1. Could you run through the stretch 54-92 and say how many residues are closer than 25 Å to Ile148 by Cα and assigned to a helix (DSSP H, G or I)?
2. Tell me the residue from Leu44, Leu9 that is open to solvent by 40 Å² or more (accessible area, probe 1.4 Å) and of a type outside the set (D, E, K, R), please.
3. Can we say Leu171 is crowded, with 20+ Cβ neighbours inside 10 Å, modelled with pLDDT under 95 and not in a helix (DSSP H, G or I)?
4. Can you spot a residue in the stretch 264-286 that is among the β-branched types (Val, Ile, Thr), modelled with pLDDT of 95 or more and farther than 30 Å from Asp91 by Cα?
5. Return yes or no: is Leu95 open to solvent by less than 20 Å² (accessible area, probe 1.4 Å), within 30 Å of Arg151 (Cα to Cα) and under 20 Å from the mean Cα position of the chain (by Cα)?
6. Residues in the stretch 253-281 that are open to solvent by less than 40 Å² (accessible area, probe 1.4 Å) and more than 22 Å from Gly309 (Cβ to Cβ): how many?
7. How many residues does the stretch 237-246 hold that are open to solvent by 60 Å² or more (accessible area, probe 1.4 Å) and under 16 Å from Arg198 (Cα atoms)?
8. Consider only pairs whose beta carbons are under 9 Å apart and that are at least six residues apart or on different chains; among these, list those whose first residue lies in the stretch 92-110 and is over 19 Å from Asp42 (Cβ atoms) and whose second residue is aliphatic (A, V, I, L, M) and open to solvent by 20 Å² or more (accessible area, probe 1.4 Å).
Amino acid sequence: MDDNTKIPLVSSEITGIWNSYMGENLLICKLKHHLNSVEDTDTLAIMKYTLDLSNQRIKVLTDLFNQEKLPIPGGFSDNEVNINAPRLFTDTFYLQYMAYASKVAMQNYTLILNNIARSDVRNYFSKCIQEYIDLYNRSAELRLSKGIFVRAPHVEVPKEVQYIKDESFMLDWFGEKRPLLTLEITHIFSIASATILRSAQLIGFAQVSKDKKISDYMLRGKELATKQNNAFNSILAAEGIPIPSSSDLYVTQSTVAPFSEKLMLYKIMIMCSEKIGSLGFALADIQRSDLQSMCIKFMDAVMKYAKDGADIMIDNGWSEQPPQAIRHENLVEV
């Protein structure tokens, strides 16, 4: 059998390893500070496990970039992290964040794997997915044992098979809304739960940022997240369905930045991308027209917010350009 690792990387593979490098690099920087401030020994063990795996992935990816004679992303260095800064988030946040990070990675890496041809790159992403599955399961068991696993709502469903009788099941602009599907409840719950964690980071970053423009931008993001979550929660409340919440506020009183302005703002850009993705997945599944309109409206608002953040990144020279195709006509010198 031919060794297909000798064939050049295609666009999807270059994108995959570039995005993976940036994501793992960012996670390493965050974990370096979190490990220096976490108090719970069980959470510490999970974070150490995650950091070790991320460091291993960076080594594999660096070898791939060198092998293919591609530039290694600039990413983030140790200078972006103040490991001696006081803790900005609680241990509960750290553990919830580990679960959240694993869910996002499982989803993103599965999407990447679906477009990979070369066996060595497929093996890398397959291994990543399995490791993040393991991380999620570990964090789930620990959250259950500590009583902080915010579970999806329990609802009663019909005991008999039912069939849709008319188009009002979906096109319900007028008249009474039908009950939510369990799939729709799942999407709303997932988006709302993730937004709680994102909001905590926006509050924390705004609290420690020394750049007023960036701090104001973070607070604006928090207001947007609250507005959107209130809208989703009102849908659940109208159905008598429990609303996701946490008894922990997640953010401490520290005003010392554990990360650089660049790293914090980049993380917000990643969060925007994740929010747009989750709304897009929801939009593909939900069938109630009011929820569809809500998702479209929120996606538009998040994209506009992300655009403003990207402008700040560019103005400060912090926005690293992803790989792009060469326009050969621009290389002509005659």
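1. Number satisfying all stated conditions: 2.
2. Leu44
3. When the stated conditions are applied, Leu171 does not pass them.
4. no
5. Considered against the rule, which asks whether it is open to solvent by less than 20 Å² (accessible area, probe 1.4 Å), within 30 Å of Arg151 (Cα to Cα) and under 20 Å from the mean Cα position of the chain (by Cα), Leu95 comes out as yes.
6. 1
7. Within the stretch 237-246, residues that are open to solvent by 60 Å² or more (accessible area, probe 1.4 Å) and under 16 Å from Arg198 (Cα atoms) number 1.
8. Listed by first residue and then by second, the contacts come to Val104/Ile270; Ala105/Ile129; Met106/Ile129; Met106/Ile133; Tyr109/Ile129; Thr110/Ile129.
The values are calculated or read from the model by the stated rules, or taken from the named source; none is laboratory data. Note that the structure is predicted; figures quoted are calculated from it, not measured. Neighbour counts run over all protein chains shown; Cβ positions are idealised from the backbone, glycine included. Keep in mind that these areas ignore ligands, DNA and RNA; they rest on the heavy atoms of the full protein, side chains included. Shrake-Rupley method; radii C 1.70, N 1.55, O 1.52, S 1.80 Å.
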